[in-house]
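Please read the structure below before turning to the comments.
Please treat every number below as a calculation from the coordinates, not as lab data. Computed from a predicted model, the values in this text were never measured in an experiment. Neighbour counts run over all protein chains shown; Cβ positions are idealised from the backbone, glycine included.
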Amino acid sequence: MKSRTRRRTTRQAAALIDKNPAAAKATRPDWGDTSKFFPDSGFEYSAPEFHNEFHVDPELIKQLEADGLALQWTAHEIYGAPLTRQMGQAQQAGWVPVARGDLGGKLDYLAPEVGFGDAIVTGGQTLMCRPRAIHEKARAAERRAAMEPLAASKQMLIEGVGVPGGDHPTARGGNRINVTRERIEVPE
């Protein structure tokens, strides 16, 4: 058996509220004084300007690179937990924390609250610097490490799977990963 109660639509409920505002107040919660949330009549909205606390001027980075230096932000803590091992690894890789006053004071704006001679630290990150020559060597080593899995796959395509006896002519015919490429016509 169907229920005879009828649900009111939003439009019907709004019409009832317009007819009897006292009934609307009875069904709505009491928010108290809300006047502080409504701006003055002369208020003009403008989008807030967001400041990237890690932004370093690209021209400054180019000048440092031309003078043989590289910059990097390195995490020294996450939610207050220190990352001592990662900071130690960064220092072993040649990174040195940039202190306020270093590099002619051109980066002091990144952490105006730290004292002169203290490391530039913002949002759990420490600004670090190292010679560009070391940086390029490290980047080349990272690229080589990233290419190793691809080189192994490429070797399997060309020479076959590296297994004992895999270099025998009969094995080389079957232990290879075969790749075929077919031309397809693309309609214009």
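For D118, the residues 5 or more places off, or on other chains, whose built amide H falls under 5 Å of its own are R100. Cross-link partners for K106 among the aspartates and glutamates, with Cα-Cα distance under 14 Å and sequence neighbours closer than 8 places in the same chain left out: D57, E59. Relative contact order of the range 58-132, taken over Cα pairs closer than 8 Å and 6 or more residues apart, is 41 percent. The 3J(HN,Hα) values that the Karplus relation (6.51, -1.76, 1.60; θ = phi - 60°) gives for the range 60-68 are, in residue order, 5, 4, 4, 5, 5, 4, 5, 8, x Hz. Gly and Pro appear as x.
If R0 is taken as 30 Å, the Cβ-Cβ distance between Y79 and E142 corresponds to a FRET efficiency of 0.65. Each residue of the range 135-152 was assigned a 3J(HN,Hα) from its phi angle through the Karplus curve 6.51 cos²θ - 1.76 cosθ + 1.60 (θ = phi - 60°); the sequence is 4, 5, 4, 5, 5, 5, 5, 5, 5, 4, 5, 6, 7, 4, x, 5, 5, 5 Hz, with glycine and proline shown as x. Please compute the modelled spin-label separation between A119 and Y45, points set 7 Å along Cα→Cβ, answer in nm with one decimal. About 4.3 nm separates the two model spin labels.
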